Amino acid sequence: APLTMASLRTRVRYGGDDPTRQIDSASGPTKPPADPLAGRKKAWINQILFRGKRRSSLDDGGGGHDRRRSAVEVVALLLVLALMSLAFPNVKHNGVRGDSSRSEPISYSCPASISKSLNDVGDNFDVYTADIRRSSFRRNDTSLTLDHIRSRPMDGWGIPYHSVKEGLLRPWKEEAFVPNLKSGDSLYESACGAGLNLLLTAEIMAENGIHNLTVYGNDYMSESVEIANWIWKGGVSVGWSLPARGGTICAGDSSDLSFVPSSSFDLAYTGYIDPLNDPLNLLSESADANARRRNSIKNCRSTDPEEAKLAEEEQRKQEEWHASWVKELIRIAKPGKSVVIESICESLCKHYREKPTVPDCGGVDKDWWERAVSTYGWDVSDIFIRDAPVTKEWKYPRYHVVMKKKMK
């Protein structure tokens, strides 16, 4: 069944997918979800029409009386349908979910400068800059097409756009985003990179009847922000047909979105929280990312009490870092709306205990989220956790989280 916040019965729910389940990354788009009220509407309509027809066939005369009664029933039917539209505004009608008009643009200014982020250490961002270089992107290049953009490796994923969209993210987007967005809504991605997660999200929403979205975002790397703004604004100038409208996309640190107004977006999410590598800065600035990770893994595996304590302190710092991102996403989401965190790594120590041969980043464990609500005072009511799929191209176990911001 589609994931809706009303269906969450407990503080934390876990999805049933096996994280090692293989999915064909070349699979095509799934069918849009069916109208859940279609059967009930049909039954009500048939009941009224059949009753009118049956009475007309049984009466020898009194046709005027029957016509008056039929007219009353038609009016009653129209009233029922009008009330259903008001009560269920997000249900599909003619392939469009909800109001097709756009909400008013959300206005704010990008920061003139940003401070150095805690995760900006050594060569930590080299994987992203390498993707940017491989993209052969040139500003104001009118020969660029959407197909060229889609042929880029996804930011930091190292696999093609289509593989990420169809093999990894489509099932999740249709489960967590589609039921909680409607046409005309606003969507914000923190750490949006070059804007490709926003692009595939907007495409999947449009394929499910959700149109006229406006997308906003930020990324720490100014080069990625330049590409994202070209896709969402420059692309329109060369005739691209985009699945949503581009709003403000800024260079900014995802742990401090103070330039973004509070309670503004219909859904706020991040496609990935870039974790701290060497959270306590135990190694020098010149140490590369792999050396930092190896040192943290050594602390995880150590039987020495001092190194084991360092591993605990590193994890605590990692959790604070993740909480700083989530706090900002909750703040900028509208009351009653969804906050989504995608592709989360479990803690480094847990990962390397369970999968020592699969290298991956360090994040936070699934049982941390419920504790974090009280620890950090998050204003959320429900949390749903779903394991992400593993494919032939993507072998790293991750999971997704969606939560609901409380109504005021």
**Report entry** Filter on K327/K408; K165/K350; K182/K395; K366/K405 - keep pairs with C-alpha separation over 22 Å
**Finding:** K165/K350; K182/K395
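With r defined as the distance between the Cβ atoms of F259 and T303 and R0 fixed at 45 Å, what FRET efficiency is calculated, to the nearest 0.05? Don't skip to the answer; put the middle values down first.
Details: r = 47 Å, r/R0 = 1.04.
Efficiency computed from Cβ-Cβ geometry: 0.45.
How long is the gain from S324 to N281 if the chain were fully straight, where each residue apart is worth 0.36 nm and the alpha carbon distance is subtracted?
Details: separation 43, 0.36 × 43 = 15.48 nm, distance 1.84 nm.
Length difference between fully extended and current span is 13.6 nm.
Can you sort S255, S109 by solvent-accessible area, 1.4 Å probe, largest first? Kindly include the intermediate steps, with their values, before the conclusion.
Details: S255 30, S109 90 Å².
Descending order: S109, S255.
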**Report entry** Intensity falloff of the stretch 254-333 expressed as log10 I(q)/I(0), Debye formula with alpha-carbon point scatterers, at q = 0.15, 0.17, 0.21 Å⁻¹
**Finding:** -0.64, -0.74, -0.91
Query raised in the report: If you roll a 1.4 Å probe over the stretch 249-374 with all protein chains in place, what percent of the accessible area is carbon or sulfur?
Result: 48
Report summary line: Check: C-alpha center the stretch 177-206 vs C-alpha center the stretch 101-125, spacing in Å is 17
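Count charges around S284 for me, please; just the other residues with Cβ under 12 Å from its Cβ, Lys/Arg as +1, Asp/Glu as -1. Please report the intermediate quantities before stating the final value.
Numbers: positive: R292; negative: D278, E285, D288.
Residues near S284 contribute -2 overall.
Given the Cα-Cα distance of K233 and H148 and 0.36 nm per residue of separation, how much length would full extension add, in nm? Show your work: numbers first, answer last.
Working: separation 85, 0.36 × 85 = 30.60 nm, distance 1.62 nm.
Net length gain for the segment: 29.0 nm.
How would you classify the stretch 268-402 from its alpha-carbon gyration tensor, with a ≥ b ≥ c the square roots of the eigenvalues: rounded for a/c under 1.5, else prolate if a/b is greater than b/c, otherwise oblate?
Working: a/c = 1.98, a/b = 1.52, b/c = 1.31.
Prolate.
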Requested in this report: Rank W325, A289, L276 by how far each Cα sits towards the positive end of the charge dipole of the stretch 273-408 (+1 on Lys, Arg Cβ; -1 on Asp, Glu Cβ) and give me just the farthest.
Outcome: W325
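With every protein chain left in place, what is the accessible area per residue of the stretch 161-226 in square angstrom, probe 1.4 Å? Each step should come with its number before you reach the end.
Details: 1070 Å² over 66 residues.
I get 16 Å² per residue for the stretch 161-226.
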Query raised in the report: Based on the alpha-carbon gyration tensor of the stretch 186-247 and its eigenvalue square roots a ≥ b ≥ c, which shape applies: rounded if a/c is under 1.5, prolate if not and a/b is larger than b/c, or oblate?
Result: oblate
Query raised in the report: Could you list log10 I(q)/I(0) for the stretch 199-331 at q = 0.09, 0.12, 0.22 Å⁻¹, which the Debye formula gives when each Cα is one point scatterer?
Result: -0.41, -0.65, -1.29
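On full extension of the chain, what length is gained from E393 through M407, given 0.36 nm per residue of separation minus the C-alpha to C-alpha distance? List each step's numbers first, then the result.
Details: separation 14, 0.36 × 14 = 5.04 nm, distance 4.05 nm.
My answer for the length gained is 1.0 nm.
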Query raised in the report: How big is the charge dipole of the stretch 252-408 about its Cα centre, in debye rounded to the nearest 20, if each Lys and Arg gets +1 on its Cβ and each Asp and Glu gets -1 on its Cβ?
Result: 540
Query - Farthest toward positive dipole pole in the stretch 133-279 [+1 Lys/Arg, -1 Asp/Glu at C-beta], among P243, V260, M221 - result: P243
Query raised in the report: Out of residues 5 or more away from V380 or on other chains, whose amide H comes under 5 Å of its own, with H placed 1.01 Å from N in the peptide plane?
Result: K406
Requested in this report: May I ask you to give the solvent-accessible area per residue for the stretch 252-408, in square angstrom, as obtained with a 1.4 angstrom probe?
Outcome: 42
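The values are calculated or read from the model by the stated rules, or taken from the named source; none is laboratory data. Model, not experiment: these values are computed from the prediction. With ideal geometry, Cβ positions are generated from the backbone for all residues, glycine too; neighbour counts draw on all protein chains shown. The protein model used for the area step is the full one, side chains on, heavy atoms only, and it has no ligands, DNA or RNA in it. Shrake-Rupley method; radii C 1.70, N 1.55, O 1.52, S 1.80 Å.
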